[in-house]
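The values are calculated or read from the model by the stated rules, or taken from the named source; none is laboratory data. These numbers come from a predicted model, not from an experiment. Here the Cβ positions follow ideal geometry from the backbone for every residue, glycine too, while neighbour counts run over all protein chains shown.
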Amino acid sequence: MDEQKRDELRLRGNMVKLCNQDMIELAYFTMEMLEPLIASRIPLGSFDRENCYRHCFYICKALLREVDPEYLELHSTVKDFFREPRHLSNKYPWLSWEPEVSFQEFKGRHYASVRGFGEYDVDETVPTKKGLTLPVDLLPELVGAVRALCQEAVKAKLLGPEAFELGKAP
């Protein structure tokens with residue numbers, strides 16, 4: 001992307017020019033609006049409002065991909081808040097972070113991790129105890145166990161039949 005086009009965006013068909021500073025300021029504003037909502041777990045009252053907040057988060061996340069990396073490094077708080085693979089969820093009546101999935105290597109062995117993150121202080125997101133880390137070679141066994149659990153939950157009428165497919169469970 002050439003330098004001039006990088007600073008140009010279209011908003012409802014109109015050209016809008018944003019510099020690095022504009023995008024950072026918008027990200028700070030959005031972060032300051034979202035942090036207390038995520039930390040408080042206060043129901044937002046409407047699905048439309050929740051979707052609006054999520055949409056703002058993802059717009060800022062996309063804009064920050066266009067910010068000069070050196071300039072973004074100067075704003076580590078914003079960079080961390082909108083980091084990949086972080087996703088904002090509204091599957092509950094409040095906003096929350098979706099669990100993060102990652103791979104790491106430790107003592108020559110590869111591990112997969114699914115971990116929830118929580119806001120215990122408005123300025124800090126930390127990993128919770130809610131999560132799972134296991135050797136990568138055990139992932140197929142885990143998938144089989146989860147499928148069996150879904151089948152049993154459907155039989156017990158704890159989940160609907162659509163939950164049998166992985167990724168479809170509410």
Within the stretch 123-135, is even one residue at pLDDT below 70 and more than 30 Å from residue 33 (Cβ to Cβ)? no
For the stretch 46-66, what are the residues that are in contact (Cβ under 8 Å) with a residue 24 or more places away in the chain and assigned to a loop (DSSP other than H, G, I, E, B)? 66
Pull up the stretch 75-90, narrow it to residues that are touching a helix residue (DSSP H, G or I) at 6+ places or on another chain (Cβ under 6 Å) and assigned to a loop (DSSP other than H, G, I, E, B), then point me to the one that is nearest to residue 65 (Cα to Cα). 82
